[in-house]
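The values are calculated or read from the model by the stated rules, or taken from the named source; none is laboratory data. Small disclaimer: the values here were computed from a predicted structure and weren't measured. Note that we place each Cβ from the backbone using ideal geometry, even for glycine, and neighbour counts take in every protein chain shown.
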Amino acid sequence: MAESRSFPEQLRAGYHDANCRPENGLLLAVSGGVDSIALLHATVAIWAAYKDRIVVAHVNHGLRPDNSDNDAAFVRAVADDVGVPFELLTLSCDSLRQASDGSLEEAARDRRYEFLTETARRRDVVSVVTAHHMDDQAETVLHNVIRGTGLRGLRGMQRCRSLAEGVELVRPMLQLRRCEIAEYLSATGNAHRTDESNQNTAFTRNRIRQQLLPTLKNDFNTAVDRNLVSLAQQAEQAIQLMDSLAEKILSEVMLEQQPSVCRLRRHALATWPNDVIRHVMSVLWIQQDWPRQKMNFRLYSRLAELTCSPDTIREDFPGNVHAWCSDEIVRLTRNDVADRSPT
């Protein structure tokens, strides 16, 4: 029987699968917990030759006044100990709540990725690296199902995706389970911080981790987490095929494509089934970088219905996007352009 690979070997393979090149720079997002501290120590070990291109970043969300400050100090000390630069963003709890629009988790995540992107650009680093792992992937897929998701949500987190031009997000630990990571850190004797807020079931994600998944494992299927990850992989493969078709269709029906205006050949687009048109619209939203948080299956389906309708229709969509369907054209506009008369 072949010997199983060590944690550093699996991490190196994860970087390779994400096509991540350490010489282009790595910005490690480190919270101080088991997963991110293991990521930091193992990354510095396997890429020792490129240590001058590794940076540690930490966000103090200010949600736990004393412990948050101690977490930041701890991560700074670890970064100093291994000899890599440290970047810190300190937020106020009040500012996060004001920007949360009902979801403190989402506001914190958005501000965190803004900081990581800004820091990567300033440091001339290509890859922002997070410590998300297989258990996180299972929780993400289940969370998306509960909220109501389409096929994109079923694929969970991608191993690699763009954060901004010239900056990519890399997750090299998605093939690793939480227990494997904890075993590595315990074996190396490296300290870590414990975030008590991870036990707070006021947060949906924590209730899924602490209550729902254990119930599903114990009462229904012990392999439910692996099955959710397998579902994500299958969804990713299906999305890649559908995206390719959607991009081909868009290239054939597009009359105009500007940041705030798109004009499509209505009849040519309407020759496709509604399910295909719905996916074409979702890909168009991605291409345009229009807000997608409140766009869902029902709204993309509505766009497909408008496209196939013989009527002249104008309808509004989230993110200040407006659709206007005439005899020949589907015109989509955003922001001030929407106030001009369609032509």
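For the structure I just gave you, tell me whether A268 is surrounded by fewer than 18 Cβ atoms within 10 Å (Cβ to Cβ), in a loop (DSSP other than H, G, I, E, B) and more than 25 Å from the chain's Cα centre (by Cα).
Details: surrounded by fewer than 18 Cβ atoms within 10 Å (Cβ to Cβ): yes; in a loop (DSSP other than H, G, I, E, B): no; more than 25 Å from the chain's Cα centre (by Cα): yes.
For A268, the condition - surrounded by fewer than 18 Cβ atoms within 10 Å (Cβ to Cβ), in a loop (DSSP other than H, G, I, E, B) and more than 25 Å from the chain's Cα centre (by Cα) - is not met.
Tell me, please, whether a residue that is among the hydroxyl-bearing types (S, T, Y), in contact with a Gly (Cβ under 7 Å, 6 or more places away or on another chain), free of Cβ contacts under 8 Å to residues at least 24 places away in the same chain and over 22 Å from R121 (Cα atoms) can be found in the stretch 68-91.
The answer is yes, given that some residue of the stretch 68-91 is among the hydroxyl-bearing types (S, T, Y), in contact with a Gly (Cβ under 7 Å, 6 or more places away or on another chain), free of Cβ contacts under 8 Å to residues at least 24 places away in the same chain and over 22 Å from R121 (Cα atoms).
Just to be sure, is V253 touching a Phe, Trp or Tyr at 6+ places or on another chain (Cβ under 8 Å) and at pLDDT 95 or above? Lay out the reasoning, then the answer.
Values: touching a Phe, Trp or Tyr at 6+ places or on another chain (Cβ under 8 Å): no; at pLDDT 95 or above: yes.
Considered against the rule, which asks whether it is touching a Phe, Trp or Tyr at 6+ places or on another chain (Cβ under 8 Å) and at pLDDT 95 or above, V253 comes out as no.
Examine the stretch 14-30 for a residue that is among the polar types (S, T, N, Q), closer than 23 Å to H58 by Cα, surrounded by fewer than 23 Cβ atoms within 10 Å (Cβ to Cβ) and assigned by TED's automatic domain parsing to the domain that holds R193, and state whether such a residue exists.
Within the stretch 14-30, one or more residues are among the polar types (S, T, N, Q), closer than 23 Å to H58 by Cα, surrounded by fewer than 23 Cβ atoms within 10 Å (Cβ to Cβ) and assigned by TED's automatic domain parsing to the domain that holds R193.
Any idea which residue in the stretch 136-158 is surrounded by the most Cβ atoms within 10 Å (Cβ to Cβ), counting only those that are modelled with pLDDT under 90 and of a type in the set (K, R)?
R152
So which residues in the stretch 238-265 are assigned to a helix (DSSP H, G or I) and touching a Lys or Arg at 6+ places or on another chain (Cβ under 9 Å), if there are any at all?
Residues satisfying the conditions are A238, I239, E252, V253.
Given the criteria in a helix (DSSP H, G or I) and either surrounded by fewer than 13 Cβ atoms within 10 Å (Cβ to Cβ) or modelled with pLDDT of 85 or more (or both), does E168 qualify?
Considered against the rule, which asks whether it is in a helix (DSSP H, G or I) and either surrounded by fewer than 13 Cβ atoms within 10 Å (Cβ to Cβ) or modelled with pLDDT of 85 or more (or both), E168 comes out as no.
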